[in-house]
Amino acid sequence: MAIVWIDGEWRSREDARISVYDHGLLYGDGLFEGLRWYSGRIFRLDAHLDRLWDGARAIALSLPYTRDEMAATLREGVERAAKPDGYIRLVVTRGVGDLGISPALCPRPTVLSIFDDIRLYPRECYERGIAVVTASSRRLQGDVFDPRIKSLNYLNNVLAKLEAQVAGCMEAVFLNREGYVTECTGDNVFIVKNGVLKTPAVWLGLLEGITRNSILEIARGSFKRVEETTMTKFDLYTADECFLTGSGAEVIPVTKIDGRAIGTGEPGPMTEGLRAEFARAVRQG
Ligand code: PMP
């Protein structure tokens, strides 16, 4: 059963409420993190808190809790949830204020955490792979609104997700304005080509995923080369293997992009190897 913490109060899903004057709701003014716990331990908690604190600095939001307080609350939630594995949605908003977008209207940020489960893709997709499309809309450009800020404004992503669904696919890959591959609507993207593991560099305009970074760490031990680089649609279409990563998705193979089979059209051996190593790593903390 889901439990929710809202600024010091523990609630059931049904009793968890925030104000309609919260600027997170009214203007998407806020940040979030999606974390998982495995065997009772939150995976890469420090990295998630680092990203949240960086996001808060970027949007000039002063968090009303210390990192230690936040970590303690998250750990308490995991204990209260009383199950080995689960998902945490941590949300910070500008807070409750009068109408008008000025952050000055909100004296104190709202902080809440939902302790629940998440399944973004059906189980069989992890064995078979998924089909994705490239979105016709472009990822937000870093000079307009930096995708490294994991903000409550996800319409750029939602609209591309809709495009994917219209095309009968589960996920869409974004290009940036220059036509370079960036990321998917809720996951980072990797390819394998001639034994080299490649993923778009963060400066191209994408969220620096925590799963992405764990995969890079793992792969540096097992691949002949690992590159954070530029890639175009051509690189996707001609890849030997492709997969996506995210705290929600974990590691999921991609077997088709824009109707083209990737590699053999089956999940590739390098992807399977990384998936297995990642599954081990999350249990080790
Ligand atoms: N890109 C986007 C746009 C995301 O929303 C997410 C998280 N769901 C990711 C990438 C993956 O990041 P992480 O591995 O930290 O969950």
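On the stretch given as region 30-44, residues that are touching a strand residue (DSSP E or B) at 6+ places or on another chain (Cβ under 7 Å) and either at pLDDT below 95 or not aromatic (Phe, Trp, Tyr) (or both) total 7.
Residues checked against (1) of a type outside the set (Val, Ile, Thr); (2) buried (at least 17 other Cβ atoms within 10 Å of the Cβ); (3) within 30 Å of residue 252 (Cβ to Cβ):
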| residue | (1), (2), (3) |
| --- | --- |
| 27 | yes, yes, no |
| 48 | yes, yes, yes |
| 51 | yes, yes, yes |
| 58 | yes, no, yes |
| 78 | no, yes, yes |
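For region 234-253, what are the residues that are outside any strand (DSSP E or B) and touching a Leu at 6+ places or on another chain (Cβ under 7 Å)? Listed by number, the residues that qualify are 247, 248, 249.
Screening residue 119 on (1) under 17 Å from residue 185 (Cβ atoms); (2) in contact (Cβ under 8 Å) with a residue 40 or more places away in the chain shows it passes everything except condition (2).
For region 207-225: of the residues being among the small types (Gly, Ala, Ser), out of contact with any Leu (no Cβ under 7 Å at 6 or more places or on another chain) and at pLDDT 95 or above, which is surrounded by the fewest Cβ atoms within 10 Å (Cβ to Cβ)? Reasoning before the result, please.
Going residue by residue through region 207-225, those that are among the small types (Gly, Ala, Ser) are 209, 214, 219, 221-222.
Applying the additional criterion that residues be out of contact with any Leu (no Cβ under 7 Å at 6 or more places or on another chain) yields 209, 214, 221-222.
Next, from what is left, pick out any that are at pLDDT 95 or above: 209, 214.
Numbers: 209: 25, 214: 21.
Out of the qualifying residues, it is 214.
Checked against (1) in contact with a His (Cβ under 8 Å, 6 or more places away or on another chain); (2) on the phi > 0 side of the Ramachandran plot, residue 8 passes all but a single condition, namely (1).
Output yes when any residue across region 143-153 is touching a residue at least 60 places away in the same chain (Cβ under 8 Å) and hydroxyl-bearing (Ser, Thr, Tyr), and no when none is. Please lay out each step first, then the result.
Residues of region 143-153 that are touching a residue at least 60 places away in the same chain (Cβ under 8 Å), as a first pass: 146-153.
From the residues that got through so far, the ones that are hydroxyl-bearing (Ser, Thr, Tyr) too are 151.
Yes, region 143-153 contains a residue that is touching a residue at least 60 places away in the same chain (Cβ under 8 Å) and hydroxyl-bearing (Ser, Thr, Tyr).
Within region 202-220, take every residue that is more than 9 Å from the chain's Cα centre (by Cα) and β-branched (Val, Ile, Thr) and give me the one that is farthest from residue 151 (Cα to Cα). Checked region 202-220; the qualifying residue farthest from residue 151 (Cα to Cα) is 218. In the set (1) within 21 Å of residue 3 (Cα to Cα); (2) in contact with a Lys or Arg (Cβ under 8 Å, 6 or more places away or on another chain), the condition left unmet by residue 81 is number (2).
Restricted to region 156-204, the set of strands (runs of 3 or more DSSP E) holding at least 2 residues that are away from the ligand (no atom under 12 Å from the Cβ) and closer than 20 Å to residue 234 by Cα comprises 188-193, 196-200. If only residues of region 50-106 that are assigned to a helix (DSSP H, G or I) and touching an Asp or Glu at 6+ places or on another chain (Cβ under 6 Å) are counted, the one that is farthest from residue 13 (Cα to Cα) is 105.
Scanning region 226-249 for residues that are within 16 Å of the ligand (Cβ to nearest atom) and surrounded by fewer than 21 Cβ atoms within 10 Å (Cβ to Cβ) gives 228, 248. Annotation: of all residues in region 1-21 being touching a Gly at 6+ places or on another chain (Cβ under 7 Å) and surrounded by 15 or more Cβ atoms within 10 Å (Cβ to Cβ), the one that is nearest to residue 109 (Cα to Cα) is 5.
The values are calculated or read from the model by the stated rules, or taken from the named source; none is laboratory data. Given the structure is predicted, the values throughout are model-derived calculations rather than measurements. In this analysis, Cβ positions are derived from the backbone assuming ideal geometry, glycine residues included, and neighbour counts consider all displayed protein chains.
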